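The values are calculated or read from the model by the stated rules, or taken from the named source; none is laboratory data. Bear in mind the structure is a predicted one, so any value in this text is a computation, not a measurement. Neighbour counts run over all protein chains shown; Cβ positions are idealised from the backbone, glycine included. Side chains included, ligands, DNA and RNA excluded: accessible areas come from the protein's heavy atoms. Shrake-Rupley method; radii C 1.70, N 1.55, O 1.52, S 1.80 Å.
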Amino acid sequence: MKTIFRVAGTELRTLFYSPIAWFLMIVFMIQCSICYVGALEGVVRQQEMGGINLNSLGSLTYRIYLGYNGIFNDVMAKLYLYIPLLTMGLISRETSSGSIKLLYSSPVKVREIVFGKYLAMVIYSLVLVTIVGLFVVSGIFHIQHPDTGMLLSAMLGFFLLLCAYSAIGLFMSSLTTYQVIAAVCTFVMIGALSYIGSMWQDIAFVRQLTYFLSISGRTQKMLSGLITTKDVLYFVLIVYIFLGLSIFKLRAGMESKSNLVKAGRYIAVVVSALAIGYLSSIPGLIGYYDATANKSMTLSTQVQQIIKEMKDEPLEVTAYNNLLGTHWYLGAPTTYNMNLDRWERYMRFKPDIDLKTVYYYDSTLDAPYKMKSYKDKTVQEIARQHASSMKLDFRLFKSPEEVRQLVDLRPEFNRFVMQLKWKDRKTFLRIFDDQIVWPTETEVAAAFKRLQQAKMPKVAFLTGDLERDVNRIGDKEYQGLTKLHSFRNSLINQGFDVDSVSLETQDIPSDISTLVVADPKIALSAVTMEKLNRYIAAGGNMLIAGEPGRQAILNPLLSQLGVQLNSGMIVQASKEFSPDLAALTITSAAGSFSRTLKRRAEDSAKVSMPGAAGLSYISGGQFQVEPLLVTDSNSSWNRLQKLDLELAITASAGQAAKPAGEAGSPSQKAIQAGTVTFSPADGDTKGSVPTVLGLTRQVNGKEQRIIVAGDADFMSNAEIQRRNMPTANFVFNTALFSWLSYGEFPIETYRPPSRDNRVNVTGAQVDWLRIMYSWALPGILLVCSAILLIRRKRK
């Protein structure tokens, strides 16, 4: 061991008595400074501008250090430029000068030479880690409540990557007597290890080996705060491989062994490392440590409990991937390991998840235009053309008839979908048409729960009186809220079952959790009313939504609840939107339904209602009543007279054309400047009015819950996906059905927001930090290195 330290000391003196080590330290410090100060300045500027909600930016620790332009991402992406310049002379300098022969003839062992030189590089790596640590310590003081666990995890990943690069550089230095060639070979090897993970991914056995060898992305989990034994052991094995190869390469220069024996040594090192790496990658053998402050890299406690209830029964996940589908790329053969990473957080708690993929071709029912663009060609001919263009073996794909023998995917529009099988139960897990695409923890947990229980909360929608339709995609209909497969927040994707019921011919099913009566347009029959009254009296949960102008249809039903739809409609003054569009405030009572809705309410998010009637209710009746949405008393009011929307839109031009002093009717006077104004003469009344109420009472030993809304459009396809106005409609709707199902679904995966969303520095202080980190400290290093090198040269 003493010999190893002596070799390391000699190598460090050689390293620091050369300009290259000091030059790289200075450049590295300047690079870190530019990244840190630049990221910090951006946050400070937003903070000092005011009016910007920094909570929406997420964790500032992640943004400054680990984001796209963060310190760790930037410096780790450029490490390959530093290490080869440091390692290129470790061994090649000895071989080119002939001093290696002296080492061979000395009592120093080859492994002591290799370990000593490598130890010197580890110590230099610690110097680079210390430089990064300087900016980490600064961030601890500059960021309020920084996530120190995430930072320490990132520093560990940074250090391990340095060690791996150093081992690679040392081996390359042992292959040649030319230092420049050693540096180039190190560049090439690092590039090869970064690229190899994308090679031969369509060959099942080979892709496991190449993916394990890939160094690309190996630090990603540690940068996010998750330390795994698989990733740590990977870097240890990379060091083991290249140090082992270096030792055997140097021994080959001093031993007269056959080429077969020499090759056998190299193969033994690589094979043993791959074997250990394979074992370390088995899901049940991987250890995890989540260093983040709010355990964001770990499944929530409730989801862990759901997985625990699945016990030791294996879970089979079969992805059905359509060659002609718009999401083919999600399940292509080359993405197997990427999907394995997506499932790893679940395999952490259930290692017996088995991933499979079935490849097939069929018509793209969700994008028929793709098929129409191929004229006079069958589906098989189109599929062959696609397979040929992507260099795929067409025999890999099942025909439409073959795949339908396994499962009929036409109800899923032949999209990419995963079928989960546990025991004898199956369910689908879908991907979605949004920016995330892949199912999140909430949707996966809902699918797991669906496998575990035969009964899911069922929401039945009343039909037969021209109510809103759950099977249509029109603006006024409810398919998006209920059954739209490609919409993440659709009830069926959140753990609910959805059905329709006509009370003219059917009774209300006994197994439903909620009955929805949404905007009936004709009077409810005596038979329907009698069944609804019995359901309410028995304590059934309901959601009743009406519309202005149809108060007479629902008020007889609502009278027994002590609630009435008010005459007229809510209008709201606005220069941007139609006056019948009201933006409603979410109350604290509604915020208690879900933590996500509470956060949106705290951020002043609104729920949009185009054409809403106000509600009145009796306090102290049989139901306890809580307003859930209320109007803004300053900008909105109740209007009794019918609103002429076309007149409201064109009023601005009409006002300009009318001669001065010309009088108009009260209704005309109430419309000015393109919007509606308050007019007591027309019967308008001001004051905050509820448009959605929550009713509760105790019946038959349980709490009965009823929602009454003065608008049915807030749940419509148009409003939950409104683009021209930021709303919380789908969050509010999901919270309502969660409350009606007693919080059983959606699965709660909420985590508290990051606390590190403010900084303690000002713009002026950032300017001083830039001077200190980009000029002063590098200048001090430059002066120290110059003094040391000049004194060394004189000696």
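The table for this structure:
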quantity: Percent of beta bridges antiparallel (DSSP, the stretch 391-526, rounded to nearest 5); calculated: 40 percent
quantity: Extension gain (nm, one decimal) between Asp603 and Val270, 0.36 nm per residue minus Cα-Cα; calculated: 114.3 nm
quantity: Val122 versus Arg404: modelled label distance in nm, points set 7 Å from Cα along the beta carbon direction; calculated: 6.4 nm
quantity: Calculated FRET efficiency for the pair Ser688/Ser388, C-beta based, R₀ 56 Å, to 0.05; calculated: 0.30
quantity: Under the span-like rule (Cα at least 27 Å along the axis, Kyte-Doolittle mean at least 0.0), DSSP H helices of the chain; calculated: 19-49, 110-142, 148-173, 229-252, 259-280
quantity: Net length gained if the chain between Arg6 and Asn555 were fully extended (0.36 nm per residue, minus Cα distance); calculated: 188.4 nm
quantity: Paired Rg and Dmax values of the stretch 30-123, which use every Cα atom, in angstrom; calculated: 22.6, 73
quantity: Val137 - accessible surface, heavy atoms, 1.4 Å probe, Å² rounded to 10; calculated: 80 Å²
quantity: Reach of Lys598 by Cα under 30 Å, taken over lysines that are not fewer than 8 positions away in the same chain; calculated: Lys295, Lys308, Lys449, Lys455, Lys458, Lys476, Lys483, Lys575, Lys606, Lys686, Lys702
quantity: Gain upon complete extension [Arg472, Tyr278; 0.36 nm per residue less C-alpha separation]; calculated: 64.8 nm
quantity: Lys, Arg +1 and Asp, Glu -1 on Cβ, resulting dipole of the chain about Cα centre, debye, nearest 20; calculated: 4100 debye
quantity: FRET efficiency for Val137 and Arg13, using Cβ-Cβ distance with R0 set to 35 Å, rounded to 0.05; calculated: 0.75
quantity: Two-site label geometry, Tyr329 and Arg395: point separation in nm, points 7 Å out along Cα→Cβ; calculated: 3.0 nm
quantity: Backbone N under 15 Å from the Ala589 label point (7 Å along Cα→Cβ), restricted to the stretch 676-714; calculated: 688-698, 704-710
quantity: Virtual spin-label span in nm between Leu260 and Ile34, 7 Å along Cα→Cβ; calculated: 5.6 nm
quantity: Calculated FRET value between Glu441 and Ile508, using beta carbons and R₀ = 25 Å, to 0.05; calculated: 0.15
quantity: At 0.890 mPa s and 25 °C, Stokes D of the stretch 274-357 from Kirkwood alpha-carbon radius, µm² per second; calculated: 166 µm²/s
quantity: Debye intensity ratio I(q)/I(0), log10, the chain, q values 0.04, 0.07, 0.08 Å⁻¹ (C-alpha model); calculated: -0.26, -0.72, -0.88
